[in-house]
Each structure stands twice: as structure tokens, then as C-alpha cells.
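Shown next, in C-alpha cells, is the structure this report addresses.
The values are calculated or read from the model by the stated rules, or taken from the named source; none is laboratory data. This structure is a prediction, so every number in the text was calculated from the model and none was measured. Note: ideal-geometry Cβ built from the backbone for every residue, glycine included; neighbour counts use all protein chains shown.
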């Protein structure tokens with residue numbers, strides 16, 4: 001009986017190590033999939049919350065609030081759930097334009113990826129996307145006149161995302 005207990009005690013660390021290696025393998029696979037998505041430059045962050053520069057946070061509809069990148073073009077849309085119509089017809093603003101200065105920094109499977117890009121449309125906007133290996137992302141959007149918003153949500157492939165693009169201003 002003592003031998004069986006001793007054997008089980010010695011076996012437990014090996015089982016924990018095996019479980020840890022499968023967790024690492026899963027994390028590596030998720031990170032590879034994420035890097036393929038980012039390298040394709042065909043993705044959308046569907047925002048479920050938006051925070052302003054003062055820290056005020058609101059929950060929003062992810063189909064009408066997003067940051068999208070499609071190769072060399074991109075779009076940022078805000079559509080607040082209020083009674084106002086807004087410029088885009090959805091209660092907010094839609095900016096689409098050309099993506100430049102697309103930089104990707106890979107910090108590995110545990111720390112995720114950072115993407116910096118600039119969107120030229122009806123204004124100039126700088127975006128910094130921080131993406132975890134699991135696909136959760138935040139986008140810090142800043143304009144040249146001090147505007148700043150943070151979108152938070154899931155990063156998904158653009159194809160099949162079912163986002164609804166409102167009317168653009170220009």
C-alpha cells in the first residue's frame with residue numbers, strides 16, 4: 001500500500017507537466033491562427049464596449065460598432081444606441097479611408113500582438129490594437145484634435161463578420 005501511495009505521489013508532477021504542455025500547445029496554435037489573421041490584413045474588431053478619454057464606458061452593439069481593416073483600406077464606426085440619427089444614419093459616425101503605416105509587433109503566445117496603423121479618411125486617426133492570443137482586443141483610437149476612444153471586443157476575420165456599415169460622411 002505504501003508503494004502504491006509513493007508511486008501516485010511521484011506520478012502527479014508528471015501528469016501536471018503533461019497537462020501544462022498541452023495547454024502551451026493550444027496557446028501556440030491560437031497564436032499562430034491569430035498571426036495568420038493579422039498578416040492577411042482582413043480582420044474586424046467587433047466592439048462590445050467603447051470608452052472615452054474620461055473613462056466613461058458604454059456597452060454597444062458589436063454589429064454596428066467596429067474597427068475593420070481590409071488590405072489597404074479601413075473603417076471605424078460608432079453607432080450609439082440613442083434616439084439621435086447621427087451622420088451615418090445609425091446614431092454615430094463612420095470613417096473609412098486608406099490604411100498606412102501598418103506595423104505589427106509580436107510579443108509571443110503569452111503576451112499577444114500589437115498593431116499600429118494610421119487611417120486617412122475624413123480625418124487622420126492613429127490606431128493601436130492590442131490583441132491577446134485568445135482573440136480579445138482593445139483599440140486605442142486617437143485623432144489629431146485630441147479625440148480619443150477605446151474599443152474593446154473580439155478580433156475576427158472580416159469575411160463572414162456580418163457587420164453593418166453606415167453611411168460615410170465623405
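Scanning the range 78-101 for residues that are surrounded by 16 or more Cβ atoms within 10 Å (Cβ to Cβ) and modelled with pLDDT of 90 or more, we see that the one that is farthest from residue 163 (Cα to Cα) is 99.
Taking the criterion of being touching a residue at least 12 places away in the same chain (Cβ under 8 Å) and within 13 Å of residue 43 (Cα to Cα), would at least one residue in the range 142-152 satisfy it? There is no residue in the range 142-152 that is touching a residue at least 12 places away in the same chain (Cβ under 8 Å) and within 13 Å of residue 43 (Cα to Cα).
Considering only residues that are touching a residue at least 40 places away in the same chain (Cβ under 8 Å), closer than 21 Å to residue 142 by Cβ and not in a strand (DSSP E or B), which ones fall in the range 42-67? Even if it seems obvious, please write down each step before you answer.
Taking the range 42-67 first, the residues touching a residue at least 40 places away in the same chain (Cβ under 8 Å) are 42-53, 62-67.
Add one more test, that the residue is closer than 21 Å to residue 142 by Cβ, and what stays is 43-53, 65-67.
Those that are touching a residue at least 40 places away in the same chain (Cβ under 8 Å), closer than 21 Å to residue 142 by Cβ and not in a strand (DSSP E or B): 53, 65.
Residues in the range 105-126 that are more than 19 Å from residue 70 (Cβ to Cβ), in contact (Cβ under 8 Å) with a residue 24 or more places away in the chain and assigned to a strand (DSSP E or B): 1 in all. Residues that are assigned to a loop (DSSP other than H, G, I, E, B), closer than 20 Å to residue 65 by Cα and at pLDDT 85 or above: does the range 141-159 have at least one? The answer is yes; a qualifying residue exists.
Does at least one position in the range 66-77 carry a residue that is closer than 20 Å to residue 113 by Cα, in contact with a helix residue (DSSP H, G or I) (Cβ under 9 Å, 6 or more places away or on another chain) and loosely packed, with under 15 Cβ neighbours inside 10 Å? Yes, the range 66-77 has at least one match.
Consider residue 129 carefully, then state whether it is modelled with pLDDT of 80 or more, more than 23 Å from residue 24 (Cα to Cα) and not in a loop (DSSP other than H, G, I, E, B). Explain how you work it out, then say what you get.
Details: modelled with pLDDT of 80 or more: yes; more than 23 Å from residue 24 (Cα to Cα): yes; not in a loop (DSSP other than H, G, I, E, B): yes.
Answer is yes for this residue.
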